[in-house]
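Trainee: Have a look at this one before I ask anything.
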Amino acid sequence: MQMKDKLMMMMMTHQRKKKKIQFDFKKMSRRVHAGVVKVLGESPVYESIEIPAAAAAEEEEEVKVEAVGIHRITRSIANGQHYIKGELPMIVGIDGVGTLSNGQKVYFVKMKTRFGTMSEYVHVHRDSTIALPDSVDSIEVAALMNAGIGSWVALRERARIQNNETVLILGVTGTTGQLAAQSARLLGAKRIIGIGRNTSILDDLFNRKIIDRSIVFNGNDDEVKEQLNDEINEIDIVIDYLWGKPAELVLTTIQSTRTNSVKRLRWIEVGQMAGPTIQLSAALLRSQNIEFSGNGIGPLSFKQILTSLQQMIPFIENRQLTTSIQTFHLKDIEQQWKQTSNIPQRVVVLIK
């Protein structure tokens, strides 16, 4: 065999070995720093933990994580209060922003709770990612996308909002309620009515023209009903974050005051901050053209939710969808977890 042929065979053998080493490396597990829950109900701790390799059969991709939001569901799972249960020790987090191995920036979701997203690296199904432009702010995306399920997605997919409709937001002063008001305007709402308790936030939303009218829940039901009377006939959509007594009050007003009974009204139930149940009159259902729907992962497929959320990205990039954000670094997770539990801002953890 000539020297040239020998060299060629040696190079080919080296390349095959190199490829095999690279392939085997992808199958290896990895140690990462993460926010780890060891006892349900206690703060996560910052420590090194081993995560399994990406599963090729499940089409998983490795993401280098940049920012992770702490959402209500995140805390609920970590406290053991959610129907999603994870084996301990458990890395917290259900979504985040990071980059794939090819450099593509992505928003990603992972609902497998033992190996969550608050970690230096995470493995997620490729269908659970949304490609992001490099120019969009990672912290803003991490803060807003989960809230978008209860606002943007609720309006777009469940209410099927149309141009020039009137939207009533029950619980507008919460962060998701505020995002719903911004979303309704971008999706074509003609008039937006916000109901809540926090007068300073209501005034701010009104002054910034995010809502067209504010109604304060001040404990005086008659006063609230009187203000609703002026609007009740024109309402097309109710986005409800409260349920309980506030929902009953609005429904009672609809039954007694709404004269345009054939006008279709879509009531989208998103949250239950004021209670898990209501008393509902059968006469209301017979006398008004009202439809009740829930919003969340149950009535919508995962694919539908991600497809709808993707439409938010240009508005986040252009700062037409915004929120107030508090950030801290992953290494500070243990002390910051409880300190940020009741603040009004969205909380985002910076992984690096």
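Trainee: Write out the trypsin sites (Lys or Arg not before Pro) in the range 207-237 meeting two conditions: DSSP loop, and at most 15 other Cβ atoms within 10 Å of their Cβ. Mind dumping the intermediate values first?
Mentor: Numbers: sites: 208, 209, 213, 225; in loops: 208, 209.
Sites meeting the loop and neighbour criteria: 208, 209.
Trainee: Can you list the trypsin sites (Lys or Arg not before Pro) in the range 302-333 that are in a DSSP coil and have 16 or fewer other beta carbons within 10 angstrom?
Mentor: Working: sites: 303, 319, 331; in loops: 319.
For trypsin sites (Lys or Arg not before Pro) across the range 302-333 that sit outside H, G, I, E and B with at most 16 neighbouring Cβ atoms in 10 Å, the list reads 319.
Trainee: Once you list every other residue whose beta carbon is under 13 Å from the beta carbon of residue 298, what net charge do they have if Lys and Arg are +1 and Asp and Glu are -1? Numbers along the way, then the final one.
Mentor: On the way: positive: 158; negative: 157, 269.
Result for the neighbourhood of residue 298: -1.
Trainee: If you don't mind, there's one more thing I want to ask. Under a crude label model (7 Å from the Cα following the beta-carbon direction), how far is residue 285 from residue 203 in nanometres?
Mentor: About 4.3 nm, to one decimal.
Trainee: Any idea what the dipole of the chain comes to, in debye rounded to 20, about its Cα centre with Lys/Arg Cβ at +1 and Asp/Glu Cβ at -1? Let's see the in-between values first.
Mentor: Values: 44 positive and 38 negative charges, 298 e Å.
It works out to roughly 1440 debye.
Trainee: For Kirkwood radius over Cα pairs in Å, the choices are (1) 20.7; (2) 22.3; (3) 24.7; which was calculated from the structure?
Mentor: Here the calculated entry is (2).
Trainee: What is the range 244-352 by shape, rounded, prolate or oblate, if you read a ≥ b ≥ c off the alpha carbon gyration tensor as root eigenvalues and call it rounded for a/c under 1.5, prolate for a/b larger than b/c, and oblate otherwise? Before the final figure, lay out each step's value.
Mentor: Numbers: a/c = 2.78, a/b = 1.93, b/c = 1.44.
Judged from the Cα gyration tensor, the range 244-352 comes out prolate (a/c at least 1.5, a/b above b/c).
Trainee: How much net charge surrounds residue 42 when only other residues with a Cβ under 10 Å from its Cβ are counted (Lys, Arg +1; Asp, Glu -1)?
Mentor: On the way: positive: 38, 338; negative: 334.
Value of the local net charge: +1.
Trainee: Which value in nm describes the separation of the simple spin-label points at residue 111 and residue 42, placed 7 Å from the Cα toward the beta carbon?
Mentor: Reported label-point gap for residue 111 and residue 42 is 2.9 nm.
Trainee: Hey, with R₀ at 51 Å, roughly what FRET efficiency would residue 31 and residue 292 work out to, going by the Cβ-Cβ distance, to 0.05?
Mentor: Working: r = 49 Å, r/R0 = 0.95.
Computed FRET efficiency for residue 31 and residue 292: 0.55.
Trainee: With the cut-off at 1.5 for a/c, could you classify the range 75-129 from its C-alpha gyration tensor as rounded, prolate or oblate?
Mentor: Numbers: a/c = 2.63, a/b = 2.26, b/c = 1.16.
Prolate, since a/c reaches 1.5 and a/b exceeds b/c.
Trainee: Apply 1/(1 + (r/R0)^6) to the Cβ-Cβ distance of residue 317 and residue 338, taking R0 = 35 Å, and write down the FRET efficiency to the nearest 0.05. Display every interim value, and only then the final one.
Mentor: Details: r = 33 Å, r/R0 = 0.94.
Using R0 = 35 Å, I get an efficiency of 0.60.
Trainee: Can you compute the radius of gyration and Dmax for the range 151-294, using only the Cα atoms, both in Å?
Mentor: For the range 151-294, the Cα radius of gyration and maximum Cα-Cα distance read 13.7, 39 Å.
Trainee: How high is the relative contact order of the chain? Use alpha-carbon pairs under 8 Å, at least six apart in sequence, and give a whole percent. Can you show the working numbers first?
Mentor: Details: 694 pairs, mean separation 59.0, N = 352.
Contact order relative to length: 17 percent.
Trainee: Then there's this: At what distance in nm do the modelled label points of residue 257 and residue 326 sit from each other, each positioned 7 Å from its Cα along Cα→Cβ?
Mentor: Going by the 7 Å Cα→Cβ label model, 3.6 nm.
Trainee: Here is a follow-up. Which loop-located chymotrypsin sites (Phe, Trp or Tyr not before Pro) does the range 63-137 contain, where loop means any DSSP state but H, G, I, E or B and the Cβ has at most 14 other Cβ atoms within 10 Å?
Mentor: Working: sites: 83, 107, 108, 115, 121; in loops: 83.
Passing both the DSSP loop test and the Cβ count: 83.
Trainee: Next question, about the same structure. In the Gaussian network model of the chain, springs joining C-alpha atoms below 10 Å, which of 224, 167, 65 carries the largest mean-square fluctuation?
Mentor: 224
Trainee: Of 301, 253, 215, whose Cα points farthest to the positive end of the dipole of the range 214-306 (charges on the beta-carbon: +1 Lys, Arg; -1 Asp, Glu; origin at the Cα centre)?
Mentor: It is 301, whose Cα lies furthest towards the positive end.
Here, each number is a calculation from the coordinates, and none is a lab measurement. Please read these numbers as outputs of a predicted model, since none were measured by experiment. Note that each Cβ is placed from the backbone with ideal geometry, even for glycine, and that neighbours are counted across all protein chains shown.
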